[in-house]
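The values are calculated or read from the model by the stated rules, or taken from the named source; none is laboratory data. Since this is a predicted model, take the numbers as computed values, not measurements. Backbone-built Cβ (ideal geometry, glycine too); neighbour counts: all protein chains shown. All accessible areas refer to the heavy atoms of the entire protein, side chains included, with ligands and DNA or RNA removed. Shrake-Rupley method; radii C 1.70, N 1.55, O 1.52, S 1.80 Å.
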Amino acid sequence: MTKDAVWNTYREILERLTDEMLDVVEEEFGGGLVGKAIKKGTKSATKRIKKDMEKQGRIVVEYAAQENDGGRYQREFLATNPVYQRYSGNNRRELEEHLLSHFETVRADLAPLVSSETDDFWEALAEEYSREEATEIIERHFSQAETFERYKDDLFRSNKLGNKVITVLKEGETRLKKDLERQLDSTYDKQ
């Protein structure tokens, strides 16, 4: 499988995550006209975050295809990370280590897929990992609400705003993971 094939699937998953979060925003405001209006306003506000997520996804896939030069990719990852960009606290080094640990884990998870002979992302996942391992990978890749929650005091102007953002992200990730679990069921049932 090529890094472009892995990237295309990863980008689709990130797009689904964004859609899930926007749906949560709409529901948080009761749906209807108000919910739709808030969703539309939020959609334009999330464009930058979505671009950052896509840049980060591209960086990790590029890095997964390499065997060295991790420092360059790490710097690019941090430069596009929304938590790192917005962080104003005194534990920047701790945050950096936390984020880079996650980055290295995601890279290690994707590396076998990038080098797989299979052209389909899900088939490559099933060939390289057991069902349990694949579930753990999904959980690791899409649990960023925990990072926002851990550092929220130094990320948001107010606790209320921070809690709202974390709620939306957490629910969006939960919905995405359920959807990806169904995809895993389908993939592993075929074997």
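For the chain, the solvent-accessible area of protein heavy atoms averages 55 Å² per residue (probe radius 1.4 Å; ligands and nucleic acids excluded). When the residues ASP179, ASP19 are ordered by accessible surface, computed with a 1.4 Å probe over the protein chains alone, the sequence from largest down reads ASP19, ASP179. Between GLU94 and ARG11, residue separation times 0.36 nm minus the direct Cα-Cα distance comes to 27.1 nm.
Against the compact-protein benchmark of 2.2 N^0.38 Å, the Cα-based radius of gyration of the stretch 92-191 scales to 1.28. The convex hull around the C-alpha trace of the stretch 119-162, projected and averaged over every direction, spans 4.4 square nanometres. The modelled label-to-label distance between SER101 and ASP189, using points 7 Å beyond Cα along the C-beta direction, is 3.7 nm.
The Cα-based radius of gyration and maximum Cα-Cα distance (Dmax) for the chain are 17.2, 51 Å.
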